[in-house]
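To start, the structure itself, in structure tokens.
The values are calculated or read from the model by the stated rules, or taken from the named source; none is laboratory data. This structure is a prediction, so every number in the text was calculated from the model and none was measured. Every residue, glycine as well, gets a Cβ built from its backbone with ideal geometry; the counts of neighbours run over all protein chains shown. Each accessible area value is taken on the protein alone, full model and side chains, heavy atoms only, with ligands, DNA and RNA left out. Shrake-Rupley method; radii C 1.70, N 1.55, O 1.52, S 1.80 Å.
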Amino acid sequence: TRYFDLTQAMELLSLLTLLLLAIASNEACQVQSSSSETTKDWWQTAQFYQIYPRSFKDSDGDGIGDLNGITSKLEYLKDLGVTAAWLSPIFKSPMVDFGYDISDFFDIQPEYGTLEDFRTLIKRAKELDLKIVLDFVPNHSSNESEWFLKSVKREKGYEDYYVWHDGKVNSTTGKREPPTNWLQYFRGSAWEWNEVRQQYYLHQFAVQQPDLNYRNPLVVEQMKRVLRYWLNEGVSGFRCDALPPLFEVVPDSDGQFPDEVVSGATEDKEDRDYLTTTYIENQPETIDMVYQWRTVLDDHKRIFGGNSSVLLIETYSPAWFTMQFYGNRSTEGAHLPFNFNLITVMEQSGLSASNVQEAIDLWLKNMPAGRTPNWVLGNHDKRRAASRYGKENIDGMNMLVMILPGVSVTYQGEEIGMTDGEISWEDTVDPWGCNSNPNIYEQYTRDPERTPFQWTGGTNAVFTNGSSTWLPLAADYATINVEKELSDDHSHLKIYKALVALRKSSKTLQNGSTKYQALSEDIFVVQRSLTKSATIVLVINFGSVAKTVDLSQFDKSRTESLQLLIRSIDSTKKEGTRYDPKALSLDPSEALVLTTE
């Protein structure tokens, strides 16, 4: 009965959210600043930059990016105006899932470098006033972890480190079967039989990634030790990977878990979406665990002093669950649960002004008062922003995440408009793709968005001085690269740098109120305002035909001319020129940042 009631409550909350959004969809939305001119902590207006270490910069010629390569390019990040760099996993790993299968949470993967290399990176970052944030992968370890090997042998203290189960015997065949029908993210059963222990273990990702048992206090404390260890090494926080499956539902009095039901989302019985995830995702205990991790970070600051350490949470959960990560009246939670709405809404419905408004509404209208929003265009698990939104729209989308209030998050390459690489079945290495087949792998593989960073148009994009790269380069690296875009008069990179500079210098963008509206299916407007400061206006045409916009539709007081500050790459307008807001012409995909000054 409890399971049924929980499902009903989730559905009701989702329906109420959609109803409220439908009522407000045609109205301009006004969001007041929560802190006005008050001093904000460093992370509240930060520009986070995600580095996928394997693909950022290779220093030793083996075709694989590494820590020394990152250190050599920290000045590039400083020049961009980045506040903090978040590194995807760098810990010791068999690399089945390229670092997300960790065998030792306290050491560095040898092909990325050593602990001394990491300390050198931290030292240089501090010299440049850059912060380093690490990926924290709490849901699982590698099956080569010492913890798992001890658990297999039922060694004292490790017997229940993972989720083990006897399974069940089929009454017809007499054969032992998995405990439930649960499916993993990478296709197929989420249970694997272990011959030594004579039990099944749960793995919501690959077979080589057994789920840790967070109902075991020893596991909870062990993972807090991981956080403290890296805080002591000088990191400025953590991005927590894959939070939704951290806990599964409590088994019944007989020790049995419930089966999931068929979702109707797909007919592919191996695909995780074939079943619901009611019992294996978004459990209330996950929220509490995040609160405990926040306490670890806050205690570290209280004891050792220094700046705040930030906690970022990866979750694609519905708003009613995601917003709980922020905390409540008595307990602080994550500083920033990641906001993927600009990804997920467009994946479902396509890019348009109305869908952009829906994505923003979903966050700002559900976010608890006094919290900080954040905006994400892409990451190492999603096709590149320029490929999803269209190359012609990447400037407009970068403008959007920089002009909206709060925190912006950039995945490496978005600042230069990098697109997906074309990866053949033969070159595919991502387990999600490899667990499928040549006919459908492109639906699952994440390799295209992980191709090496494009520094120049030279051999191997000067990502490496070796003869090959771990993944093939994207085909357009000769024309889309840092060196060329720095030399061009007008480029994606220069637009990005101008946006970051504006965010840093503008009190309006740091503290002002926000008003936004889809004036039509194609035209989207954001206005940031602050008393005694210049108003900033962003106007984007997501359509394929030219439009003339009357901004008095959006703000009746908007009658005086606006000065152009930043324009998208194909715009023919001129910075510094003033334009009539009642008759502002916009070419297809043109995006403009204007000011009242």
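For the stretch 446-463, which residues satisfy the criterion of being assigned to a loop (DSSP other than H, G, I, E, B) and buried (at least 23 other Cβ atoms within 10 Å of the Cβ)?
Correct list: Thr451, Pro452, Phe453, Gln454, Phe463.
Report yes if some residue within the stretch 449-462 is among the hydrophobic types (A, V, I, L, M, F, W, C) and within 15 Å of the chain's Cα centre (by Cα); otherwise report no.
No, there is no match, as no residue in the stretch 449-462 is among the hydrophobic types (A, V, I, L, M, F, W, C) and within 15 Å of the chain's Cα centre (by Cα).
What's the number of the only condition in (1) in contact with a His (Cβ under 9 Å, 6 or more places away or on another chain); (2) more than 26 Å from Gln44 (Cα to Cα); (3) of a type in the set (Lys, Arg) that Arg272 fails to meet?
Evaluating Arg272 over (1) in contact with a His (Cβ under 9 Å, 6 or more places away or on another chain); (2) more than 26 Å from Gln44 (Cα to Cα); (3) of a type in the set (Lys, Arg) leaves (1) as the failure.
Report, by residue number, each residue of the stretch 495-540 that is without any contact (Cβ under 8 Å) to a residue 12 or more places away in the chain and not hydroxyl-bearing (Ser, Thr, Tyr).
Answer for the stretch 495-540, where residues must be without any contact (Cβ under 8 Å) to a residue 12 or more places away in the chain and not hydroxyl-bearing (Ser, Thr, Tyr): just Lys532.
From Leu121, Leu218, grab the single residue that is of a type outside the set (S, T, N, Q) and open to solvent by less than 30 Å² (accessible area, probe 1.4 Å).
Leu121 is the lone residue from the list that is of a type outside the set (S, T, N, Q) and open to solvent by less than 30 Å² (accessible area, probe 1.4 Å).
Can you confirm whether Val462 is assigned by the TED database to the domain that holds Val96 and within 21 Å of Ser387 (Cα to Cα)? Lay out the reasoning, then the answer.
Details: assigned by the TED database to the domain that holds Val96: yes; within 21 Å of Ser387 (Cα to Cα): no.
Criteria not met by Val462.
From the list Gln510, Gln563, pick out the single residue that is over 21 Å from Ser408 (Cα atoms), open to solvent by 10 Å² or more (accessible area, probe 1.4 Å) and not assigned by the TED database to the domain that holds Met397.
Answer to the check: Gln563.
Considering only the stretch 521-575, how many residues are of a type in the set (Gly, Ala, Ser) and over 15 Å from Ala591 (Cα atoms)?
Final tally of qualifying residues: 6.
Would you confirm, using the coordinates I've provided, whether Asp395 is charged (D, E, K, R) and open to solvent by 10 Å² or more (accessible area, probe 1.4 Å)?
no
Filter the stretch 527-555 down to residues that are farther than 23 Å from Met402 by Cα and not charged (D, E, K, R) and give me whichever is surrounded by the most Cβ atoms within 10 Å (Cβ to Cβ). Reasoning before the result, please.
Within the stretch 527-555, the subset farther than 23 Å from Met402 by Cα is 544-548, 550, 552-553.
Still in the running and not charged (D, E, K, R): 544-546, 548, 552-553.
Details: Ser544: 10, Val545: 9, Ala546: 11, Thr548: 10, Ser552: 12, Gln553: 15.
Step by step, filter the stretch 527-555, then rank; the result is Gln553.
Quick check, is Lys515 part of a strand (DSSP E or B), open to solvent by 30 Å² or more (accessible area, probe 1.4 Å) and either within 30 Å of Thr419 (Cβ to Cβ) or not assigned by the TED database to the domain that holds Leu77 (or both)?
So Lys515 fits the description; yes.
Out of the stretch 343-364, which residues are more than 18 Å from Gly396 (Cα to Cα) and of a type outside the set (S, T, N, Q)?
Across the stretch 343-364, the qualifying residues are Asp361, Leu362, Trp363, Leu364.
Considering only the stretch 37-53, I want to know if a residue exists there that is surrounded by 20 or more Cβ atoms within 10 Å (Cβ to Cβ), farther than 18 Å from Val376 by Cβ, at pLDDT 95 or above and of a type in the set (S, T, N, Q).
No: the stretch 37-53 contains no residue that is surrounded by 20 or more Cβ atoms within 10 Å (Cβ to Cβ), farther than 18 Å from Val376 by Cβ, at pLDDT 95 or above and of a type in the set (S, T, N, Q).
Kindly evaluate Asp58 against the criterion of being open to solvent by 30 Å² or more (accessible area, probe 1.4 Å) and either touching a Ser or Thr at 6+ places or on another chain (Cβ under 6 Å) or outside any strand (DSSP E or B) (or both).
Judged against the criteria, Asp58 is not a match.
Mind listing just one residue for me: the one in the stretch 144-189 that is out of contact with any Leu (no Cβ under 6 Å at 6 or more places or on another chain) and of a type in the set (A, V, I, L, M) and, of those, surrounded by the most Cβ atoms within 10 Å (Cβ to Cβ)?
Val152
Quick check, is Val290 open to solvent by 10 Å² or more (accessible area, probe 1.4 Å), of a type in the set (A, V, I, L, M, F, W, C) and not in a loop (DSSP other than H, G, I, E, B)?
So Val290 does not fit the description; no.
Examine the stretch 343-353 for a residue that is surrounded by 23 or more Cβ atoms within 10 Å (Cβ to Cβ) and either modelled with pLDDT of 95 or more or of a type in the set (Asp, Glu) (or both), and state whether such a residue exists.
Scanning the stretch 343-353 turns up no residue that is surrounded by 23 or more Cβ atoms within 10 Å (Cβ to Cβ) and either modelled with pLDDT of 95 or more or of a type in the set (Asp, Glu) (or both).
Which condition number does Lys150 fail, the rest of (1) free of Cβ contacts under 8 Å to residues at least 12 places away in the same chain; (2) part of a strand (DSSP E or B) being met?
(2)
Select, from Arg503, Arg558, the only residue that is under 28 Å from the mean Cα position of the chain (by Cα) and either open to solvent by less than 60 Å² (accessible area, probe 1.4 Å) or aromatic (Phe, Trp, Tyr) (or both).
Just a single option satisfies the conditions, and that option is Arg503.
If you check Met397, Met402, Met418, which single one turns out to be closer than 30 Å to Thr514 by Cβ and assigned to a loop (DSSP other than H, G, I, E, B)? Working first, answer last.
Values: Met397 fails: assigned to a loop (DSSP other than H, G, I, E, B); Met402 fails: assigned to a loop (DSSP other than H, G, I, E, B).
Residue meeting the stated conditions: Met418.
Got at least one residue in the stretch 295-305 being within 28 Å of Asp129 (Cα to Cα), in contact (Cβ under 8 Å) with a residue 60 or more places away in the chain and hydroxyl-bearing (Ser, Thr, Tyr)?
No, there is no match, as no residue in the stretch 295-305 is within 28 Å of Asp129 (Cα to Cα), in contact (Cβ under 8 Å) with a residue 60 or more places away in the chain and hydroxyl-bearing (Ser, Thr, Tyr).
Can you tell me how many residues within the stretch 566-585 are touching a strand residue (DSSP E or B) at 6+ places or on another chain (Cβ under 9 Å), closer than 21 Å to Met397 by Cα and open to solvent by 50 Å² or more (accessible area, probe 1.4 Å)?
Here the count works out to 3.
Assess whether Glu426 counts as being of a type in the set (Asp, Glu) and over 19 Å from Val593 (Cβ atoms).
The answer is yes for Glu426.
What tally of residues in the stretch 542-561 results from selecting those that are among the hydroxyl-bearing types (Ser, Thr, Tyr) and more than 12 Å from Ala583 (Cβ to Cβ)?
Of the residues in that region, 2 qualify.
Quick grid of which residues meet (1) outside the structural domain of Val409 (by the TED database); (2) on the phi > 0 side of the Ramachandran plot; (3) surrounded by 14 or more Cβ atoms within 10 Å (Cβ to Cβ); (4) aliphatic (A, V, I, L, M):
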| site | (1), (2), (3), (4) |
| --- | --- |
| Asp241 | no, no, yes, no |
| Leu246 | no, no, yes, yes |
| Glu260 | yes, no, yes, no |
| Arg272 | yes, no, yes, no |
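Can you tell me which of (1) within 28 Å of Ala334 (Cβ to Cβ); (2) in a loop (DSSP other than H, G, I, E, B); (3) open to solvent by 10 Å² or more (accessible area, probe 1.4 Å) is the one Pro89 doesn't meet?
(3)
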